[in-house]
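Worksheet: the structure to be examined is printed underneath.
The values are calculated or read from the model by the stated rules, or taken from the named source; none is laboratory data. For clarity, every value in this text was computed on a predicted model and none was experimentally measured. Cβ placement follows ideal geometry from the backbone for every residue including glycine, while neighbour counts extend to all protein chains displayed. SASA here: full protein model, heavy atoms, side chains in, ligands and nucleic acids out. Shrake-Rupley method; radii C 1.70, N 1.55, O 1.52, S 1.80 Å.
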Amino acid sequence: MENVLLEKQGHVSIITINREKALNALSTAVLNDLEEAVNTVEADKDTYCVIITGAGNKSFVAGADIAEMKDKTVEEAAEYGAYGNKIFRQIETLHCPVIAAVNGFALGGGCELSMACDIRIAAENAVFGQPEVGLGITPGFGGTQRLARLVPAGIAKEMIFTARNIKADKALTIGLVNAVVPQEELMATALKMANGICKNAPIAVAQAKKAINAGLQTDMDSAIAIEVKDFSDCFATEDQTYGMECFVNKVKEKEFKN
Ligand code: CAA
């Protein structure tokens, strides 16, 4: 793949959007490669955590490719929007947690890509925004939906209607990101968190992700029923037997086998 790099460190897969000269803007070619990378990770159950980042120091992803988009018809735009959304939803529902390591611009489709991830860690130079209405369009890869679910709806509406970007510290204040770190510490911080996740029982982590995502889309009674099912299903796993035996036998150094 030319536009997306995929590497693995232990149980952590790292996806890097690699189109630095265009600030990692999401052309169709980039989306095709991203889809291939996500398909590969999805098929790899030995991946317990994923990190998505952008090549270079300046930009995570500066959005969908405006030059490529500008002459699209309504039908072509619908196809493009559905394609980006399909990949982002696939990221959101991957079997394991996904961390966005946001280095620089996360605008439009870039902000949307970060929001399809479970956790966002930002470098101090990160800039988030949904500038689409300034281009005569709405956000098209999930921004109107995920931003309003991640931060208070009024803040999401302000960001989308004004098209004004926010810096990392403001993103932290509104809860859009989990942490802000110096740029040179970004990948180390993301990897440390990813490796911390990998130390836990992978099936339990996957079940917890599934329960949180499903529960957010339904009423509390149905959500609790989802939790009860996911919780009890864990009792059919070796990880549950092993994890609890380690506790009662005071074993400190655990290694889950999956
Ligand atoms: N699409 C295509 N090319 C892009 C791009 C984008 N979204 N963002 C940056 N580039 C290209 C520029 O055209 C430029 O290419 P050339 O060197 O060939 O001229 C190169 O990347 C470097 O960009 P700049 O010279 O503009 O760099 P800068 O530091 O002056 O500005 C920036 C950086 C503020 C991020 C600016 O590039 C910018 O505003 N980019 C567009 C951001 C944007 O509007 N994103 C939303 C896109 S729409 C969308 O994403 C819809 C959706 O929801 C699906």
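Go through Val61, Val12, Val41 for me and flag whichever is touching a residue at least 60 places away in the same chain (Cβ under 8 Å) and in contact with a strand residue (DSSP E or B) (Cβ under 7 Å, 6 or more places away or on another chain).
Working: Val61 fails: touching a residue at least 60 places away in the same chain (Cβ under 8 Å); Val41 fails: touching a residue at least 60 places away in the same chain (Cβ under 8 Å).
From the options Val61, Val12, Val41, the qualifying one is Val12.
Could you check segment 232-254 and list, in sequence order, the residues that are among the hydrophobic types (A, V, I, L, M, F, W, C) and free of Cβ contacts under 8 Å to residues at least 24 places away in the same chain? Walk me through it before giving the result.
Keep residues of segment 232-254 that are among the hydrophobic types (A, V, I, L, M, F, W, C), which gives 234-236, 244, 246-248, 251.
Selection gives Phe235, Ala236, Met244, Cys246, Phe247, Val248, Val251.
Taking Lys45 as meeting all but one of (1) more than 10 Å from the chain's Cα centre (by Cα); (2) within 12 Å of the ligand (Cβ to nearest atom), write down the number of the exception.
(2)
Of all residues in segment 23-40, which are under 19 Å from Arg120 (Cα atoms) and more than 16 Å from the ligand (Cβ to nearest atom)?
Of everything in segment 23-40, just one residue is under 19 Å from Arg120 (Cα atoms) and more than 16 Å from the ligand (Cβ to nearest atom), namely Val38.
Does Ala106 fit the bill of being within 12 Å of the ligand (Cβ to nearest atom), buried (at least 21 other Cβ atoms within 10 Å of the Cβ) and more than 22 Å from Gln9 (Cα to Cα)? Spell out the reasoning first.
Values: within 12 Å of the ligand (Cβ to nearest atom): yes; buried (at least 21 other Cβ atoms within 10 Å of the Cβ): yes; more than 22 Å from Gln9 (Cα to Cα): yes.
For Ala106, the condition - within 12 Å of the ligand (Cβ to nearest atom), buried (at least 21 other Cβ atoms within 10 Å of the Cβ) and more than 22 Å from Gln9 (Cα to Cα) - is met.
Of Ala163, Ala171, Ala206, which residue is open to solvent by less than 40 Å² (accessible area, probe 1.4 Å), of a type in the set (A, V, I, L, M) and touching a Gly at 6+ places or on another chain (Cβ under 8 Å)?
Values: Ala171 fails: touching a Gly at 6+ places or on another chain (Cβ under 8 Å); Ala206 fails: touching a Gly at 6+ places or on another chain (Cβ under 8 Å).
Checking each option against the conditions leaves just Ala163.
Any residue at all in segment 177-193 that's closer than 30 Å to Phe247 by Cα, aliphatic (A, V, I, L, M) and open to solvent by 50 Å² or more (accessible area, probe 1.4 Å)? Spell out how you get there, then give the answer.
Taking segment 177-193 and keeping what is closer than 30 Å to Phe247 by Cα, we get 178, 188-193.
Right, trim to aliphatic (A, V, I, L, M) and you get 188, 190-191, 193.
Next cut, open to solvent by 50 Å² or more (accessible area, probe 1.4 Å) only: 188, 193.
Within segment 177-193, one or more residues are closer than 30 Å to Phe247 by Cα, aliphatic (A, V, I, L, M) and open to solvent by 50 Å² or more (accessible area, probe 1.4 Å).
Do we find that Ala62 is within 15 Å of the ligand (Cβ to nearest atom) and either buried (at least 23 other Cβ atoms within 10 Å of the Cβ) or more than 20 Å from Lys167 (Cα to Cα) (or both) in this structure? Quick ask: steps written out before the conclusion?
Working: within 15 Å of the ligand (Cβ to nearest atom): yes; either buried (at least 23 other Cβ atoms within 10 Å of the Cβ) or more than 20 Å from Lys167 (Cα to Cα) (or both): yes.
Answer is yes for this residue.
Tell me, which residue of segment 65-92 that is hydroxyl-bearing (Ser, Thr, Tyr) and in a helix (DSSP H, G or I) is surrounded by the fewest Cβ atoms within 10 Å (Cβ to Cβ)?
Residues of segment 65-92 hydroxyl-bearing (Ser, Thr, Tyr): 73, 80, 83.
The next check asks that each one be in a helix (DSSP H, G or I); those that pass are 80, 83.
Details: Tyr80: 20, Tyr83: 15.
Per the stated criteria, the residue is Tyr83.
Could you check segment 133-155 and list, in sequence order, the residues that are in a helix (DSSP H, G or I) and within 14 Å of the ligand (Cβ to nearest atom)?
Taking segment 133-155 first, the residues in a helix (DSSP H, G or I) are 133-135, 143-150, 153-155.
Passing the criteria: Val133, Gly134, Leu135, Gly143, Thr144, Gln145, Arg146, Leu147.
Looking at segment 110-131, which of its residues are buried (at least 24 other Cβ atoms within 10 Å of the Cβ) and among the acidic types (Asp, Glu)?
Within segment 110-131, Glu112 is the sole residue that qualifies.
Only one of Ala153, Ala163, Ala77 is without any contact (Cβ under 8 Å) to a residue 40 or more places away in the chain and over 27 Å from Lys209 (Cβ atoms); which? It would help to see each step written out before you state the result.
Working: Ala153 fails: over 27 Å from Lys209 (Cβ atoms); Ala77 fails: without any contact (Cβ under 8 Å) to a residue 40 or more places away in the chain.
After applying the criteria, what remains is Ala163.
Going through segment 113-132 one residue at a time, which ones are touching a strand residue (DSSP E or B) at 6+ places or on another chain (Cβ under 7 Å), more than 10 Å from the ligand (Cβ to nearest atom) and either free of Cβ contacts under 8 Å to residues at least 40 places away in the same chain or within 17 Å of Ile91 (Cβ to Cβ) (or both)? Quick ask: steps written out before the conclusion?
Of segment 113-132, the ones touching a strand residue (DSSP E or B) at 6+ places or on another chain (Cβ under 7 Å) are 113-114, 117-124, 126-129, 131.
This time we only want the ones that are more than 10 Å from the ligand (Cβ to nearest atom), so: 114, 117-124, 126, 128.
Ser114, Cys117, Asp118, Ile119, Arg120, Ile121 - these are the residues of segment 113-132 that are touching a strand residue (DSSP E or B) at 6+ places or on another chain (Cβ under 7 Å), more than 10 Å from the ligand (Cβ to nearest atom) and either free of Cβ contacts under 8 Å to residues at least 40 places away in the same chain or within 17 Å of Ile91 (Cβ to Cβ) (or both).
For segment 223-253, which residues satisfy the criterion of being open to solvent by 100 Å² or more (accessible area, probe 1.4 Å) and under 28 Å from the mean Cα position of the chain (by Cα)?
Hits for segment 223-253 are Glu227, Lys229, Phe231.
I need the helices (runs of 4 or more DSSP H) fully contained in segment 166-258, keeping only those with at least 3 residues that are in the same structural domain as Asp44 (by the TED database) and under 29 Å from Arg146 (Cα atoms).
On the way: elements: 168-173, 186-198, 202-216, 220-233, 238-248.
Here the list reads 168-173, 186-198.
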